[in-house]
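Colleague: What follows is a structure written as structure tokens; I'll ask about it next.
The values are calculated or read from the model by the stated rules, or taken from the named source; none is laboratory data. In this text the structure is predicted, and so the values were computed from the model without any measurement. Every residue, glycine among them, receives a Cβ derived from its backbone with ideal geometry; neighbour counts consider all protein chains shown.
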Amino acid sequence: MREVSESAMWVGQDMFRGLVQDFVKRSLSAIGVEAAPESHLVGFRSEDESICIASKSSALTSEHFADVETEAHRRFEVVNEPNILITDAGQHDRYLAGALESCRLETIKKIFSDSDDARHFFVGYSGLVGDYRVYPILSVLKSRWASYPELQREQSNSRVVTRSSLQAALVQYVLDQVQEKLSRRLPPEGSPLEFDERMREDTIRHAAQDFVGRIVFVHGDWNGSDFFTAMNAVAAQPYEGRTGVGTIILAKQDHPHVDIEIKFSESVSLDNTRSFRKVLEMTGRDLHLLSDGVHAFGLGRKSPAYSPADESAYLAKVVGRGAWELSHEDLPLLRVENGHTKLPRARLSEEKFIDAVDRVFGSDGDAKALWKLSLAAAEQLHGTMLVIHSDAASEADRLSPPALAIEPGHLAPDALYSLTAIDGAVLVSPDGRCHAVGVILDGTAVSGSGDGARGARFNSAVRYQRAAAAGSCVIVIISEDGMIDLLPNLKRQVKRSDVELVVTALETASRGVVDFDAAQISNERLYPLEFYLNADQCTRVNTSRERIEDAREALDGTFRRFGWDEVSVDPEMNDSYFFDD
């Protein structure tokens, strides 16, 4: 990889690009997306028509961008933008300038896309830095990006265009923030700008609001920009002292394929949280509250004639206290929990479950039978736990009472569903036989374990699993809000040689004249492998990172140390996490 930078637009431009890349990587990771983002900059100076490209991985040169202005004007004429007339002269000029700028963005995007078929590119509007008009570009790996939920098409209404996904809305909002920072820069000799934790939280929140707001504008009421806020409020509002759940079909009031079963004489405003919560209680398995994003106007359902390809009717679902989700058909689009937005977690996969059972119990585990029991337990609406223990018989005796011990036997899924209706966990042995129901788990709290944002069920399972002997217990946790967790949450298996290769690459990049690009690439590859490091590798990584920071600090007074966290051997690590080389 080489740095393409035929001239410098300002001192510290590559530091700025690195900060942007790190910020978008952390922001995407915070919502559950890992797509190896990269940041690029392209600057145009009208004074002498010079062009500057700053990128760690692109092989593009200034010649590739020489005809951007000509191609942008050609696109501008083809889409017939000049023939649109706005009566206010100033507004008309601003509109045309904006339309032409959009054509520049499309042209730059095509140049990057043609140069690298493995990555998907997003181009932001330009900011002025000195004499340069600078365009920020972000790219992600197509193969990874495609693995996350995404609508099939973008649709528009009065020039408002929907985003294809939460992650796409986030990337676009980051680009908008970068454009603003570029335009508000100090002179070129100024210091790099920071992208902090608070900005990341604000970015995710604004991106989520924008994503949902555009859907409401196009497919509901154009005045429904507060739907996201209304859903947060109603999810946090209990109904008669208890956590409520319910579903809303989000669509236009005259949608041809939404059947109104009950029409309200007077619609309910969604900003009236108490009234919204009350009518939401009327919903059931196949009866949903109907809303255009501003008002709830009845109860009903989508008709069989609705085509999923239309992507014009969405389902919002309150799944627990402070938690709600937005989806289209079976495509989960976002999940909000107590104000924090991320992609909905995938339902526990059979592959992950069977891998855990095989690695914990080996040949003693009947993974297929246990998977069927887990699916049955997952249907319990109020939440439950399935505890698989290597010595279930002894545990049934030890935990009784209050656990109800039963004659060990295999249960049909419908029988298990009935048994999970009472409080407490179901205790089964690795061969799938049930030994007790209504089990209350014990265990000692361990500092640093558990999750303060989760409920008592999850944290009691964490304590019990940690207290159990190694290789003796697997727990499936079904929460009231529909989340499914598996303990232990085993990391994937890797090859020892693959870990050693990445450590060696970081060492090589840090020696002599430090290769900062190679070091950054090695660090990005190393972060997900830190769990697998042994004591010697931890020492070598820490030494290499310190050398890199020392070299960075010595480059120039405007550069600063990025800082890094010292790695150490993870106490959970053992040989079971390695494949044979």
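Colleague: Quick check on the stretch 327-334. Is at least one of its residues in the same structural domain as ILE249 (by TED's automatic domain parsing), among the aliphatic types (A, V, I, L, M) and more than 19 Å from GLN167 (Cβ to Cβ)?
Modeller: no
Colleague: Can HIS40 be described as within 17 Å of GLY127 (Cβ to Cβ), assigned by TED's automatic domain parsing to the domain that holds VAL134 and modelled with pLDDT of 85 or more?
Modeller: yes
Colleague: Moving to a separate point now. Could you say which residue among LEU370, LEU375 is touching a residue at least 24 places away in the same chain (Cβ under 8 Å), in a helix (DSSP H, G or I) and surrounded by fewer than 23 Cβ atoms within 10 Å (Cβ to Cβ)?
Modeller: Step by step, each of LEU370, LEU375 is checked, and only LEU375 is touching a residue at least 24 places away in the same chain (Cβ under 8 Å), in a helix (DSSP H, G or I) and surrounded by fewer than 23 Cβ atoms within 10 Å (Cβ to Cβ).
Colleague: Then there's this: Which condition number does ASP116 fail, the rest of (1) in contact with a Gly (Cβ under 8 Å, 6 or more places away or on another chain); (2) surrounded by fewer than 20 Cβ atoms within 10 Å (Cβ to Cβ) being met?
Modeller: Here ASP116 clears every test but (1).
Colleague: Could I ask something else about it? From the list ALA99, ALA72, pick out the single residue that is assigned by TED's automatic domain parsing to the domain that holds GLU38, farther than 21 Å from LEU60 by Cβ, modelled with pLDDT of 80 or more and surrounded by 15 or more Cβ atoms within 10 Å (Cβ to Cβ).
Modeller: Of the residues listed, the single one that is assigned by TED's automatic domain parsing to the domain that holds GLU38, farther than 21 Å from LEU60 by Cβ, modelled with pLDDT of 80 or more and surrounded by 15 or more Cβ atoms within 10 Å (Cβ to Cβ) is ALA99.
Colleague: Could you pull out the residue among ALA535, ALA509 that is more than 32 Å from the chain's Cα centre (by Cα) and among the small types (Gly, Ala, Ser)?
Modeller: Answer to the check: ALA535.
Colleague: Go through the stretch 111-136 and give me each residue that's assigned to a helix (DSSP H, G or I), over 17 Å from ILE51 (Cα atoms) and in contact (Cβ under 8 Å) with a residue 12 or more places away in the chain.
Modeller: SER115
Colleague: Sort out which residues of the stretch 137-150 are in a loop (DSSP other than H, G, I, E, B), in contact (Cβ under 8 Å) with a residue 12 or more places away in the chain and out of contact with any strand residue (DSSP E or B) (no Cβ under 7 Å at 6 or more places or on another chain), and write them in order of number.
Modeller: Selection gives TYR148, GLU150.
Colleague: For the list (1) out of contact with any helix residue (DSSP H, G or I) (no Cβ under 7 Å at 6 or more places or on another chain); (2) at pLDDT 80 or above, I need the number of the one condition that LEU60 fails.
Modeller: (1)
Colleague: Only one of (1) over 30 Å from GLY320 (Cα atoms); (2) at pLDDT 80 or above; (3) in a loop (DSSP other than H, G, I, E, B) is not met by THR539, so which one is it?
Modeller: It is condition (3) that THR539 fails.
Colleague: Residues that are among the charged types (D, E, K, R), at least 2 per element: which strands (runs of 3 or more DSSP E) completely within the stretch 224-334 meet that?
Modeller: Output list reads 258-269, 295-302.
Colleague: Looking at the stretch 378-403, which of the residues that are aliphatic (A, V, I, L, M) and surrounded by fewer than 16 Cβ atoms within 10 Å (Cβ to Cβ) is modelled with the highest pLDDT? Let's see the steps before the verdict.
Modeller: As a first pass, look at the stretch 378-403 and keep what is aliphatic (A, V, I, L, M): 378, 381, 385-388, 392-393, 396, 399, 403.
Add one more test, that the residue is surrounded by fewer than 16 Cβ atoms within 10 Å (Cβ to Cβ), and what stays is 381, 393.
Values: LEU381: 61, ALA393: 89.
Applying the filter and picking the extreme gives ALA393.
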